[in-house]
1. Give, in nm to one decimal, the length gained when the segment between Asp249 and Thr77 is fully stretched (0.36 nm per residue of separation minus the Cα-Cα distance).
2. Order these by the 10 Å Cβ neighbour count, fewest first: Ser166, Ser240, Ser191.
3. If R0 is 22 Å, what FRET efficiency do you get for Asp175 and Thr195 from their C-beta distance, rounded to 0.05?
4. Please give the direction-averaged projected area of the C-alpha convex hull for region 40-253, in square nanometres with one decimal.
5. Add +1 for every Lys or Arg and -1 for every Asp or Glu among the other residues with Cβ under 9 Å from the Cβ of Ser206, and state the total.
6. How much length is gained if the chain between Ser48 and Glu216 is pulled fully straight, taking 0.36 nm per residue apart and subtracting their Cα-Cα distance, in nm to one decimal?
7. Over all distinct Cα pairs, what is the inverse of the mean 1/r for region 141-257, reported as the Kirkwood hydrodynamic radius in Å?
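FYI, it's all coordinate maths here, none of it is from the lab. Please read these numbers as outputs of a predicted model, since none were measured by experiment. Cβ placement follows ideal geometry from the backbone for every residue including glycine, while neighbour counts extend to all protein chains displayed.
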Amino acid sequence: MTAKSCRKIIGGLIALTATGFFLASVAITPAVSPKLGSNWRVFNIEPSTNFLWNIDRPQANPGGLLQFPIQPFQSTTTGSFVVYLSNNYNFDLTDSTLTADASWTQGSFETRHAPTCGNGSESCGAYVRFEFQDVSSGPYNQNDYWWSTGTSITSGTNLNLNASTSGTLDATLADRSLWSNLCGRLATDQSTGYTDCMTGEPVTVSAYDGFTQAGEQVKQVGLAFGSAVSYASGVAIDGSDPGTFYLRDFLVTPPTP
């Protein structure tokens, strides 16, 4: 598997909750399961322009955290695709559990790899999954970005937007088999010496060790939108009207001491 379209630019960030804006950071303690309620941004890719990323502020959602539009699908080379819903986060995620409760407009969702994946076929689909990273801008290597991967449709490590209209994501960093890096290597992989798919250089740090380091030095965490084989290829919805994605809750639960 590959994880494409992961180039990012980071703009100024402002805090957002269902009740308004604030600038306070969330402190993590082993006894608390906190919500990420600040610094959310939506990253969209517009492949027809010279500017690959358009960063939007999600709207507050009464009864939940936030909501944002998913734009109508035009083609794989035009229009706008949502790629990330991301939040600043500078705490150790080691062995923590991420939980997100979400819902979205019913419809047929496409990715920028729709022809390869069969235009939203069940085999490739359009998915949302967890993502975290230990960099906020380039340069980066294969172990700087991590996605929760798996085959669950209604809950678990990813949600198929074409299979339902709501679901709960739940993935722990304590289970390394749930996580894949930029080159599709599982966090259980301890091998080295092969070529890094991003840099073209020989890999000297295994996916196993890279995952450990990334979890300890997290910079951002959130959700990624893409296909089953390209975790951040972006998602749009068929039809003339935008869809809406609702994030009702997002929790980071530290491991029990």
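1. Working: separation 172, 0.36 × 172 = 61.92 nm, distance 3.25 nm.
Extending this stretch completely gives an extra 58.7 nm.
2. Working: Ser166 14, Ser240 6, Ser191 10.
Lowest count first: Ser240, Ser191, Ser166.
3. Working: r = 27 Å, r/R0 = 1.24.
The value I calculate is 0.20.
4. Working: hull surface 44.7 nm².
Directional mean of the projected Cα hull area for region 40-253 stands at 11.2 nm².
5. Values: positive: Arg185; negative: Asp189, Asp209.
Value of the local net charge: -1.
6. Working: separation 168, 0.36 × 168 = 60.48 nm, distance 3.68 nm.
Difference between extended and current length: 56.8 nm.
7. On the way: mean 1/r = 0.0632 Å⁻¹.
Computed over region 141-257, the radius equals 15.8 Å.
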